[in-house]
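What follows is one structure encoded as structure tokens, with my remarks underneath.
The values are calculated or read from the model by the stated rules, or taken from the named source; none is laboratory data. Keep in mind that this is a model prediction, so the values were computed, not measured. Heads up, the Cβs are rebuilt from the backbone with ideal geometry, glycines too, and the neighbour counts pull from every protein chain shown.
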Amino acid sequence: LPFHLPNQQQIVYGEDDDIDDVLDKPSVAASKFTSWMECNVIDSEARKLIYVEFPTKFVWILNGRFWKRRKVGKTIGRIHSVSPKLGEAYFLRILLNKVKGPTSFKEICMVNGETHSSFRDACYALGLLDDEKEYIDAIKEASHSGSGFYLRFLFATLLMCNSMSKPEVVWENTWEYLADGILYNQRQRFKSADELKNLTLFEIEQILLRNNFTLKNFKKMSYPNVESVSSSNNRLITEELYYDIPVIKNDYDRMFLALTNEQRNIFLNIMSAIQDNKGGVFFVYGYGVTGKKFLWKTISAAIRSDGNIVLNVASSGIASLLLPGGRTAHSRFIIPFELTEDSFVK
Ligand SMILES: Nc1ncnc2c1ncn2[C@@H]1O[C@H](COP(=O)(O)OP(=O)(O)OP(=O)(O)O)[C@@H](O)[C@H]1O
């Protein structure tokens with residue numbers, strides 16, 4: 001048994017069909033599902049049945065596009081299954097297993113005389129959905145042993161699985177647990193008193209600017225470095241500076257000592273181009289498993305352990321996973337890729 005949200009009935013049409021002809025199709029005016037509701041208006045027997053029971057007493061007359069009382073035969077109904085990800089369609093399906101004889105979509109949403117604004121709310125009112133207590137309790141319980149990072153991961157996983165019917169309720173009740181560690185990390189972000197001073201000056205300058213003043217009017221006062229504030233508020237930059245420097249430094253020391261002569265030569269060449277601000281394009285090639293990625297990792301660790309930024313990119317998703325903090329070049333630099341029949345990634 002098909003069903004659909006209001007005005008979302010399925011229609012099949014050809015590529016060149018005229019839009020008016022498409023809209024005039026009988027399946028638009030009367031889908032199996034909307035005809036069921038129309039039958040409920042005129043037939044009192046129909047109103048005793050939920051949708052899935054309908055085919056036991058009624059048959060669908062395809063030519064006329066209406067339901068008629070069944071005279072012979074037995075049949076059972078089954079409603080198409082729907083993923084919870086589809087939201088309202090999923091909740092409508094739940095209601096269809098409960099509501100007898102509705103004559104309109106509005107009536108499906110009606111519980112004890114009250115019309116709800118969504119199928120989800122109607123499910124709630126009927127007690128068909130759990131309250132979110134079990135999720136709230138689970139997050140609170142996990143907070144005894146898990147860090148804030150782990151809890152945020154848990155909440156994100158619950159969101160991705162669509163397991164919570166009212167994620168906003170869980171969020172409001174648990175955000176303080178989920179926020180654990182963020183304040184601490186933000187404090188750590190300001191590596192020096194100078195950065196903190198700069199940000200404070202920046203905030204003061206904002207107040208002054210709103211009142212047509214500026215710190216520049218006070219000759220002896222320092223002026224904030226606006227560029228560094230905007231970069232410290234830039235999420236991408238912050239993410240790249242989020243590495244645990246002592247850990248990275250340790251990795252770097254270990255890897256640097258292990259470099260082969262050939263790797264070390266390349267490493268020193270590239271590092272000197274960086275340190276002397278010369279820049280350059282380096283093409284490192286070699287047979288598989290000869291240590292190219294090991295070299296990238298060492299270079300990345302060397303640069304990151306100085307608190308600088310490395311953007312590791314690869315052309316394929318799998319290769320990018322092998323690089324520390326790697327992303328595909330397309331994703332990182334938002335390279336447009338026109339998808340046609342003949343397009344391919346070189
Ligand atoms: N100097 C080194 N000291 C210790 N282990 C190393 C060294 N160089 C490479 N390795 C190790 O050798 C293995 C292969 O290296 P890596 O993955 O860097 O090779 P690759 O050239 O990038 O391979 P592929 O081309 O197949 O992707 C890894 O396990 C790496 O840790």
TODO: Can you tell me which residue among Phe267, Phe256, Phe213, Phe282 is outside any helix (DSSP H, G or I), in contact with a helix residue (DSSP H, G or I) (Cβ under 9 Å, 6 or more places away or on another chain) and within 16 Å of the ligand (Cβ to nearest atom)?
DONE: Phe282
- [ ] Spot the failing condition for Ser230; the list is (1) within 14 Å of Ala302 (Cβ to Cβ); (2) of a type in the set (Ser, Thr, Tyr); (3) in a helix (DSSP H, G or I); (4) away from the ligand (no atom under 16 Å from the Cβ), and only one is missed.
- [x] (1)
Task: Matching residues in segment 285-302 - criterion: being in contact (Cβ under 8 Å) with a residue 24 or more places away in the chain and not in a loop (DSSP other than H, G, I, E, B) - done: Lys293, Phe294, Leu295, Trp296, Lys297, Thr298, Ile299, Ser300, Ala301, Ala302
TODO: Take segment 222-241 and flag every residue that is surrounded by 13 or more Cβ atoms within 10 Å (Cβ to Cβ) and more than 22 Å from Asp306 (Cα to Cα).
DONE: Tyr223, Pro224
Open item on the list: For the structure I just gave you, tell me whether Phe333 is within 16 Å of the ligand (Cβ to nearest atom) and of a type outside the set (Ser, Thr, Tyr).
Closed with: no
Open item on the list: Let me spell it out: the conditions are (1) surrounded by 13 or more Cβ atoms within 10 Å (Cβ to Cβ); (2) within 16 Å of the ligand (Cβ to nearest atom), and Ile309 meets all of them except one. Which number is the exception?
Closed with: (2)
Open item on the list: Among the residues that make up segment 257-271, is at least one of them closer than 27 Å to Pro246 by Cα, exposed (fewer than 10 other Cβ atoms within 10 Å of the Cβ) and not β-branched (Val, Ile, Thr)?
Closed with: yes
Open item on the list: Only one of Ile248, Ile204 is over 25 Å from Gly307 (Cα atoms), at pLDDT 80 or above and not in a loop (DSSP other than H, G, I, E, B). Can you tell me which?
Closed with: Ile204
- [ ] Return the residue satisfying two criteria in turn: it lies in segment 285-295 and is within 8 Å of the ligand (Cβ to nearest atom) and among the aromatic types (Phe, Trp, Tyr), and of such residues it is surrounded by the fewest Cβ atoms within 10 Å (Cβ to Cβ).
- [x] Tyr287
Task: segment 80-104, residues that are over 17 Å from Ser117 (Cα atoms), without any contact (Cβ under 8 Å) to a residue 60 or more places away in the chain and surrounded by 15 or more Cβ atoms within 10 Å (Cβ to Cβ) - done: Val82
Open item on the list: Tell me the residue from Thr340, Thr298 that is farther than 20 Å from Leu236 by Cβ and more than 16 Å from the ligand (Cβ to nearest atom), please.
Closed with: Thr340
Open item on the list: Restricting to segment 64-79, name every residue that is without any contact (Cβ under 8 Å) to a residue 60 or more places away in the chain and not β-branched (Val, Ile, Thr).
Closed with: Gly64, Arg65, Phe66, Trp67, Lys68, Arg69, Arg70, Lys71, Gly73, Lys74
Open item on the list: Within segment 105-117, take every residue that is part of a loop (DSSP other than H, G, I, E, B) and surrounded by fewer than 20 Cβ atoms within 10 Å (Cβ to Cβ) and give me the one that is nearest to the chain's Cα centre (by Cα).
Closed with: Ser117
